[in-house]
Amino acid sequence: MSQPDELLVDVAAMVESGQSNQMSLTVVTGGAVITGRLAPEAVWRQRVSEVLTDSARLGEFAKAFTARGPAEGPPTHLHFHVARILQGPVGIPETGGMYRVSIEDVSAWTMGDFSYH
């Protein structure tokens, strides 16, 4: 999308302002379908930092994700947690991952997430 979808920007802004992690969303970006829950950027960064800190090999990267103050202006990215990339009849990773997606790169989206049981 050359122009970010204003409605999607508004949804992301509501997640950021409410510090909620309950909004489920599915997006198409770069040919991939990602489905999961949105998190505020600060919460997402903190969780990624914790995962990296606990890693023997990747701990040094944790500092790059240390939460910072709120960004100025409207959100530019969606921060997914407990999310999966859909491929055929399965979602990977099965337990859910953490993804950062540029709102500009979203070509389609829908409320809710898809799950396979």
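The values are calculated or read from the model by the stated rules, or taken from the named source; none is laboratory data. In this text the structure is predicted, and so the values were computed from the model without any measurement. Virtual Cβ from ideal backbone geometry, glycine too; neighbours counted across all protein chains shown. The accessibility values were calculated without ligands, DNA or RNA, using every heavy atom of the protein model including side chains. Shrake-Rupley method; radii C 1.70, N 1.55, O 1.52, S 1.80 Å.
At-a-glance table
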quantity	calculated
Charge dipole magnitude, Cβ of K and R +1, D and E -1 - the stretch 1-75, Cα centre, debye nearest 20	320 debye
Shape call, the chain: gyration tensor on alpha carbons, a/c limit 1.5	oblate
Mean separation of Cα contacts under 8 Å, 6 or more apart, over the residue count of the stretch 33-102: relative contact order %	37 percent
Loop-located trypsin sites (Lys or Arg not before Pro) in the stretch 16-103, at most 13 other Cβ atoms within 10 Å (DSSP)	57, 68
Accessible area of the chain divided out per residue, in Å², using a probe of 1.4 angstrom	62 Å²
Low-density loop positions, GluC sites (Glu not before Pro), the stretch 28-106 - DSSP coil, at most 11 other Cβ in 10 Å	72
Potential lengthening between residue 102 and residue 85 on full extension [0.36 nm per residue; Cα-Cα distance subtracted]	4.6 nm
Residues whose placed amide H lies under 5 Å from that of residue 33, excluding near-sequence neighbours	86
Residues residue 7 and residue 53, FRET efficiency given R0 of 30 Å [Cβ-Cβ distance, rounded to 0.05]	0.25
For the chain: relative contact order, % (alpha-carbon pairs under 8 angstrom, 6 or more apart)	35 percent
Shape call, the stretch 13-59: gyration tensor on alpha carbons, a/c limit 1.5	oblate
Which of 74, 93, 49, positive extreme of dipole for the stretch 26-117 (C-beta unit charges)	49
